[in-house]
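The values are calculated or read from the model by the stated rules, or taken from the named source; none is laboratory data. Given the structure is predicted, the values throughout are model-derived calculations rather than measurements. To get the accessible areas, we keep the full protein, side chains included, count just its heavy atoms, and leave off ligands, DNA and RNA. Shrake-Rupley method; radii C 1.70, N 1.55, O 1.52, S 1.80 Å.
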Amino acid sequence: MLFKSLLLLSVYAVTCYGQSKVPVYVYYESLCPDSARFINEQLYPVAKELKKNLELHLVPFGKSSYTTQGSDVMFTCHHGENECYGNKVHACAIQHIQGNSYQPNISKEDLTLDYVNCLMHRAQLKDGAFPTKRCADEVKIDQWQAIMDCANSTEGSQLLKQHGDVTNKLQSPLKSVPTVAFKQTYDDELQKLSVSSFRHALCKNLSPQPVECLDLPSTGSAISSLGMIVTAVAVLISRLL
């Protein structure tokens with residue numbers, strides 16, 4: 001009975017180890033080359049690998065600004081008018097994308113990240129119209145028409161304004177784009193680490209750390225903790241055999 005209990009304990013420890021989760025806010029612009037590079041090369045692969053440890057909040061506004069006149073909202077964007085439209089597409093996608101009942105293992109968050117990753121990559125190619133429909137076809141997003149209708153209406157403007165308010169609450173204006181804030185709090189050192197190695201920055205903020213973080217140089221304490229658990233269980237089991 002004791003043997004079985006220890007065995008179950010060891011399985012539980014390994015299974016549950018590193019199940020922490022941290023909110024991460026990414027403030028970016030739809031036509032910003034640095035934003036595209038970060039999302040395509042850093043955020044997307046890490047978020048796919050460590051999605052159980054990441055509560056991702058995408059905030060497409062960046063260094064834009066807005067003014068209001070009655071119910072109308074006018075935007076000025078860092079990379080021009082086309083970026084204002086692109087930011088609205090992102091805001092509408094975040095709002096309207098839904099999971100598919102025939103793909104229960106793919107969540108709304110998964111689809112949104114896939115779509116945003118595609119939009120950022122395709123928009124940098126500058127090969128025609130903004131890739132709203134093209135990326136929807138690639139990622140298999142059913143709501144592309146709702147996204148387009150939203151981006152071309154007052155709904156898109158209101159959604160983008162909300163992202164602007166979230167951005168301005170952090171910094172007004174942002175010091176740099178993209179900006180990465182853990183727990184919606186800006187930290188200069190974490191910002192530098194995030195844009196150079198988002199995986200390191202995320203792992204640094206997870207406690208306990210998941211197995212995927214254990215091969216990083218800065219995670220020696222996590223390796224030690226896991227090793228102690230495994231060693232202790234192994235010793236106890238060996239004494240019973």
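Tabulated values for the structure
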| quantity | calculated |
| --- | --- |
| Three-way shape label, the range 23-84, alpha-carbon gyration tensor, a/c 1.5 | oblate |
| Links that overshoot a 18 Å alpha carbon limit, given the list K52/K161; K108/K204; K51/K88; K63/K88 | K52/K161; K108/K204; K51/K88 |
| Length added when fully stretched, S65-D137, from 0.36 nm per residue minus Cα-Cα | 22.8 nm |
| Rounded to the nearest 10 Å², the accessible area of D165 at probe 1.4 Å | 60 Å² |
| Fully extended contour minus Cα-Cα distance, from Q145 to K175, at 0.36 nm per residue | 7.3 nm |
| Within straight-line cross-link reach of K175, aspartates and glutamates at Cα separation under 20 Å, skipping those fewer than 8 residues along the same chain | E29, D34, E83, D165, D187, D188, E189 |
| Accessible area (Å², per residue) of the range 19-80, counting only protein heavy atoms and a probe of 1.4 Å | 46 Å² |
| Global form of the range 45-118, assessed from the alpha-carbon gyration tensor, a/c cut-off 1.5 | prolate |
| Three-way shape label, the range 22-213, alpha-carbon gyration tensor, a/c 1.5 | oblate |
